[in-house]
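This report refers to the structure that appears directly beneath it.
The values are calculated or read from the model by the stated rules, or taken from the named source; none is laboratory data. Remember, predicted model here, so these are calculated numbers, not experimental data. Cβ sites come from the backbone with ideal geometry, for glycine too, and all protein chains shown count toward neighbours. We work out accessible area using only protein heavy atoms, side chains counted, and drop any ligands, DNA or RNA first. Shrake-Rupley method; radii C 1.70, N 1.55, O 1.52, S 1.80 Å.
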Amino acid sequence: MRYLSKDNYHWWMPFTQMNTFLKKHPVIIDQAEGVYLTDTNGRKYLDMSSSMWNVCLGHKRKEIIEAIYNQYHRLDFSSPFRASNSKAVELAKKLSEINHSQLKKSFFTCNGSDSVEAGIKMARQYFKLKNQKKYKIISLKKAYHGVSYGAMAASGFEEDKVYFEPLPAGFLQIPPPYCYRCPYNKTYPSCNIECANYLEEVIKKEKPETVAMFLIEPVMGMGGVIIPPKEYFKIINKICKKYNILLMVDEVTTGFGRTGKMFAHEYWNLSPDIMCLGKGISNGSFPIGATMVTDKIWEQFLNGDEKTFNHGSTYFGHPVGCAAALTCIDIIIKENIIENVQEKGKYFSKLLNDLKGIRIVGDIRSIGLMFAIEFVNDKEYKQPLNKALISKIIGSCHMLGIWAHFTENVMLLFPPFICSNEHLQKAFHILNRVINSVSKK
Ligand SMILES: Cc1ncc(COP(=O)(O)O)c(C=O)c1O
């Protein structure tokens, strides 16, 4: 397929300024294999984003395609209303077995936004069923939780919300544990983890009897791989317990091995009340997500028709998506994928260390196979690198064949779990070349 002209192009793409996109001879991806994407001009890209952080096991995994094919032949669809289906039952059981927390029941969805939306509604209904007036959702600035109204209202990127106001009531965000740019102008560890303790101040100000839930990505993805200091969750957990506030972890990006644990909250021994899943659950092969809850939440919804969770959509619990997810989980376990993520993560982190000396590299953060390179104009004042130079980095990386995402002045690298040391070396060499060249401008 040749480049399409503006008049000949009809797809309105998400989060994309179509005018800019169409002016720049757009990249149209046409094929994929393993860790590579190929566009319609035959240009190959090393997929350092696992597509949209979801194709973690590589493109076109034979076992997943076969599971999907077989499921289509056995049961292509079944309504989730009133009748159950065998694959959804199996997947829910599997999910209850692979987490170390008390998360026992799964509500299936179609994506990450849906999973967060369902969790928000569950939390609000949970307290209504207990005759409590707790409805406020506290989350973090720079958090990303999705696009539906609740998930968007809980997200912390103000510029993404302004055109869609008025937003639903009862959502507020507090500063994140972003040590590189501490919102309190303090330095770890003498900061006394003020970002965590501030949650208590806000709860008191809002009145604890109105606060339902604290929602957090254990490691913030879109915010720029923000990893909380080790004390953070201990404090958060204590505050949530003290004020009877539910803790919901959004593991849409971090779930299924991305951080080097099956679920990132394991790093801090957290026991969340609700967990949101998506992305890696099906390796991008089928739109599916899940909202998992503890028995404490689940039981509140039993006993009486009026307690039903009146939420759901036609495709929730799709048998084909569930078959794909079961196969992904099988692969993750059988192939020791989590250990591989830890190993490859350490390897790439060591390579990236060499970039630290470059003038425009302000900070490099990583956990497992989740990396951020934060670019600055100068290391001392940490002023974000100007947009023209950021565009130059993005353009050159694409030209030289690596596919990566940016959020403002931060490059996000989330390589597939199956990438080899050679793939990571290749990515490093391109990054080194591009960043060094831009730093001399
Ligand atoms: C942490 C987190 N939550 C929720 C979402 C929304 O997921 P989706 O785009 O599948 O709706 C994303 C997407 O990037 C995410 O990173």
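On a per residue basis, the range 311-426 carries 42 Å² of accessible surface, using protein heavy atoms and a 1.4 Å probe.
Past the 26 Å Cα-Cα mark, which pairs from 142/261; 105/161; 205/238; 62/334? In this structure, 105/161 lie more than 26 Å apart at Cα.
Working from the Cα coordinates of the range 63-334, the gyration tensor eigenvalues give, after taking √(5λ), semi-axes of 31, 21, 17 Å in decreasing order. Comparing 134, 296, 23 in a Gaussian network model of the chain where C-alpha atoms under 10 Å apart are linked, the largest mean-square fluctuation is found at 23.
Inter-part distance, the range 290-365 to the range 37-115, computed on C-alpha centroids, equals 11 Å. Starting from the Cα gyration tensor of the range 49-197, take the square roots of the eigenvalues, sort them a ≥ b ≥ c, and report rounded, prolate or oblate (rounded when a/c is under 1.5, otherwise prolate if a/b is larger than b/c, else oblate). It comes out prolate by the Cα gyration axes. Considering only beta bridges that DSSP places wholly inside the chain, some 65 percent are antiparallel. Within the straight-line cut-off of under 13 Å between alpha carbons, the aspartates and glutamates reachable from residue 87 are 76, sequence neighbours fewer than 8 places apart in one chain being disregarded. Converting phi to 3J(HN,Hα) with the Karplus coefficients 6.51, -1.76 and 1.60 and the offset θ = phi - 60°, the range 291-297 yields 10, 9, 9, 7, 4, 4, 6 Hz in sequence order, with x at every glycine or proline. Relative to the Cα centre, the charge distribution of the range 299-372, modelled as +1 at Lys and Arg Cβ and -1 at Asp and Glu Cβ, gives a dipole magnitude of about 580 debye. Sites listed here are GluC sites (Glu not before Pro) in the range 288-383 whose DSSP assignment is loop and whose Cβ has at most 14 other Cβ atoms within 10 Å: 335, 380.
Dipole of the chain computed with +1 at Lys/Arg Cβ and -1 at Asp/Glu Cβ about the Cα centre; of 108, 358, 198, farthest Cα towards the positive end is 358. Of the residues 53, 12, 403, the one that moves most in a GNM of the chain with alpha-carbon contacts below 10 Å is 12.
Counting heavy atoms of the protein chains alone, residue 40 has an accessible area of about 30 Å² for a 1.4 Å probe. Charging the Cβ of each Asp and Glu at -1 and of each Lys and Arg at +1, and nothing else, the dipole of the range 63-334 about its Cα centre rounds to 740 debye. Placing unit charges on each Cβ (+1 for Lys and Arg, -1 for Asp and Glu) gives the range 110-237 a dipole about its Cα centre, and among 176, 127, 224 the Cα reaching farthest toward its positive end belongs to 127. Accessible surface area normalised per residue over the range 193-242 is 41 Å², counting heavy atoms of protein chains with a 1.4 Å rolling probe.
Considering only 54, 421, 111, the mean-square fluctuation computed in a Gaussian network model of the chain, springs between alpha carbons under 10 angstrom, is largest for 421. Phi angles of the range 116-129 translate, via the Karplus equation with coefficients 6.51, -1.76, 1.60 and θ = phi - 60°, into HN-Hα couplings of 5, 4, 4, x, 5, 5, 4, 4, 5, 5, 3, 6, 4, 5 Hz per residue; Gly and Pro are given as x.
Here's how it looks for residue 105: its modeled amide H is under 5 Å from those of 293, which are all 5 or more places away or on a different chain.
Residues whose amide H falls under 5 Å from that of residue 362, counting only those 5 or more places apart or on a different chain, are 374, 375, 376, with hydrogens built in the peptide plane. Listed by chain and number, the aspartates and glutamates placed with their C-alpha closer than 20 angstrom to that of residue 24 are 7, 39, 408; residues fewer than eight positions away on the same chain are left out.
The Cα-based radius of gyration and maximum Cα-Cα distance (Dmax) for the range 138-280 are 14.5, 40 Å. Of the trypsin sites (Lys or Arg not before Pro) found in the range 357-423, the ones in coil according to DSSP and having at most 16 other Cβ atoms within 10 Å of their Cβ are 359, 379, 382. Between residue 140 and 174, the built amide H atoms are under 5 Å apart, and every one of these is 5 or more places off in sequence or on another chain.
Taking only protein heavy atoms and a 1.4 Å probe, the accessible area of the chain is 52% carbon and sulfur. Candidates 385, 429, 8 compared by Cα position along the dipole of the chain: farthest toward the positive end lies 385, with charges placed on Cβ. Residue 328 sits with roughly 0 Å² accessible to a 1.4 Å probe, with DNA, RNA and ligands left out of the calculation.
Rounded, prolate or oblate: pick one for the range 353-416, where a ≥ b ≥ c are the square roots of the eigenvalues of its C-alpha gyration tensor, a/c under 1.5 means rounded, and failing that, prolate if a/b is larger than b/c, else oblate. Here the range 353-416 falls in the oblate category. Computed from phi, the 3J(HN,Hα) profile of the range 82-93 under the Karplus parametrisation 6.51, -1.76, 1.60 (θ = phi - 60°) reads 6, 8, 8, 9, 4, 6, 5, 4, 5, 5, 4, 5 Hz, with x in place of Gly and Pro. With every protein chain in place and a 1.4 angstrom probe, the accessible-area ranking of 286, 214, 81, largest first, reads 81, 286, 214. Quick one: grab the alpha carbon gyration tensor of the range 218-316, order the square roots of its eigenvalues as a ≥ b ≥ c, and give me rounded if a/c is under 1.5, else prolate or oblate depending on whether a/b is larger than b/c. It comes out oblate by the Cα gyration axes.
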